[in-house]
Amino acid sequence: MTAETTSMLLDLRGLQCPLPALRTRKALRKLAPGDLLVVECTDPLAAIDIPHLVNQMNDALERQEAANGLLTFHIRRSLPDQAQATMSKQS
């Protein structure tokens with residue numbers, strides 16, 4: 001990971017499936033490898049959809065929390081060599 005990583009907060013409270021997953025995907029695509037995306041949402045289905053999305057994109061779900069109806073996900077954008085290694089394992 002580089003010293004130049006950034007973090008971004010994505011507030012998706014009030015949005016319903018499939019919007020939290022779609023907007024999370026869009027935000028992840030804009031991040032540089034090693035950057036952190038913190039997603040906050042209230043849709044209960046996001047507890048299934050977002051971890052699945054993170055796995056599909058070969059990124060890292062560092063932490064997932066649920067409190068008082070608020071789901072929070074800490075997602076680290078994968079480094080190019082990590083994504084390549086994961087793709088090679090799947091072949």
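The values are calculated or read from the model by the stated rules, or taken from the named source; none is laboratory data. This is a predicted model, so every value here is computed, not measured. Reconstructed Cβ throughout: ideal geometry from the backbone, glycine too, with neighbour counts over all protein chains shown. Ligands, DNA and RNA are excluded from the accessible area calculation, which covers all protein heavy atoms including side chains. Shrake-Rupley method; radii C 1.70, N 1.55, O 1.52, S 1.80 Å.
Quick rundown of the values:
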quantity	calculated
Those residues of the stretch 24-70 which are part of a loop (DSSP other than H, G, I, E, B), open to solvent by 20 Å² or more (accessible area, probe 1.4 Å), farther than 24 Å from Glu4 by Cα and in contact with a Leu (Cβ under 7 Å, 6 or more places away or on another chain), in sequence order	Thr42
Residue list for the stretch 2-56, restricted to those being β-branched (Val, Ile, Thr) and in contact (Cβ under 8 Å) with a residue 40 or more places away in the chain	Thr24
Selection status of His74, modelled with pLDDT of 95 or more and exposed (fewer than 15 other Cβ atoms within 10 Å of the Cβ)	no
